[in-house]
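Working notes, beginning with the structure itself.
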């Protein structure tokens, strides 16, 4: 993919014709976020190249931005989320001296404006370019937009399922667009300069009573909270230096107010630094999740909400891998909490910003993780698993994997799934797979004949006995009876 983007003959008609379909196929396999990241990295490399030929570079830049426009038109803004960074690239190059680059930028922004209102995203756009964009938008008029391409594994549901798929897509698009924020435009603040002189988090480890510890940590948490109301945090060495102390306190501290305060500092650092805090967040995540079995500290306002704030810095994939073992844990409490956190995380703004199609991309992984619990011995566990699975299926009605996944629900648990499905999906029909659908069709036939279908095709004892009674008796063998057999002669 990088070779195509940087190809020196990218302006040739043949390559202009053949390269975009190849790159769009790569997008179907890899996802929009990875392709955009690679394209932006390619642009940065082109600009940094000291031996660059100006004319060739201009053509390569124009080609990459035109690719953005095609990806928006084919995949829609649900997958081509504006927060991926391509809007800033278009705004940067829209005033370039090269006409091809300017036209590519206008086409990308016009394509995006056809899907959604982008006024808030164009605050930094200069007035002449803003007027030109509005003029072109008025000339273009309004047209109905539809997604033309999908990731591999997604499909359009025919007939009855089409309405459900459209409804889910509309909800997901609305949710994804609501998560847009202005984090990049906020002023960055270095909190190390605002802390009291001599303040150091390691002092907590030497304090003996809990009240001084709480007061010391509160200085940091209150400063972070007040700063993040209108600003963001600037990355500095202090944030990384605090990681070991925070990790130690979260892991070993038993006093609830102390755990709450240090977890709050951790969550606010992740929210204020986002991807700049990814490395410390990855180190802290398993430690926080590891305390899930401790009911005294595993509470919403102590650890749970601060664990969710780590998702501002950590990708959902990493979060899911850490929680998988707890979904299969022997502890019923940890198992149920892990499923509830994963289900709630799908709708968190921090997850939707980083991965707008999280429900679709991780559908198979999440479903396979939850499926064993639908046949758990505990009733509450089964109910939570059915609720999670029904929610996942509703979000992925258009996926061809829905039927095969629902076929794995044990037959004696399908009625429980149907109950949860009715609560989640209301009037939508349940998209059973072939095996489950055949069983559902067999039920009315069996009730009409007064005979229940036996599980796994086995014949019940009552059926065998009735069949034996209706079978005609075998004919009696000819010859002398047992009593007619002569006795041996006496000696």
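Side notes on the structure shown:
- Positions within region 294-305 being surrounded by 13 or more Cβ atoms within 10 Å (Cβ to Cβ) and not in a loop (DSSP other than H, G, I, E, B), in sequence order: 302, 303, 304, 305
- Pairs where the first residue, in region 101-120, is free of Cβ contacts under 8 Å to residues at least 60 places away in the same chain and the second is surrounded by fewer than 19 Cβ atoms within 10 Å (Cβ to Cβ) and in a loop (DSSP other than H, G, I, E, B), C-beta under 7 Å, 6+ apart: 102/96; 114/143; 114/145; 115/145
- Selection of region 401-416 for residues being over 22 Å from residue 329 (Cα atoms) and in a helix (DSSP H, G or I) yields 402, 403, 404, 406, 411, 412, 414, 415, 416.
- Helices (runs of 4 or more DSSP H) lying entirely in region 1-60 (those with 2 or more residues that are over 25 Å from residue 97 (Cβ atoms) and at pLDDT 80 or above): 13-30, 32-48
- Residue in region 259-282 that is in a loop (DSSP other than H, G, I, E, B) and free of Cβ contacts under 8 Å to residues at least 60 places away in the same chain present: no
- Condition check for residue 204: surrounded by 11 or more Cβ atoms within 10 Å (Cβ to Cβ) and modelled with pLDDT of 50 or more: yes
- Only helices (runs of 4 or more DSSP H) whose full extent lies in region 319-400 are considered here, and the ones with at least 2 residues that are farther than 24 Å from residue 422 by Cα are 332-345, 349-354.
- Qualifying positions in region 199-223 - within 15 Å of residue 263 (Cα to Cα) and without any contact (Cβ under 8 Å) to a residue 40 or more places away in the chain: 215, 216, 219, 222, 223
- Filter pass, residue 42 being buried (at least 21 other Cβ atoms within 10 Å of the Cβ) and either touching a residue at least 24 places away in the same chain (Cβ under 8 Å) or within 22 Å of residue 148 (Cβ to Cβ) (or both): no
The values are calculated or read from the model by the stated rules, or taken from the named source; none is laboratory data. Keep in mind that this is a model prediction, so the values were computed, not measured. Cβ coordinates were reconstructed from backbone atoms using ideal geometry, including for glycine residues, and neighbour counts include every protein chain displayed.
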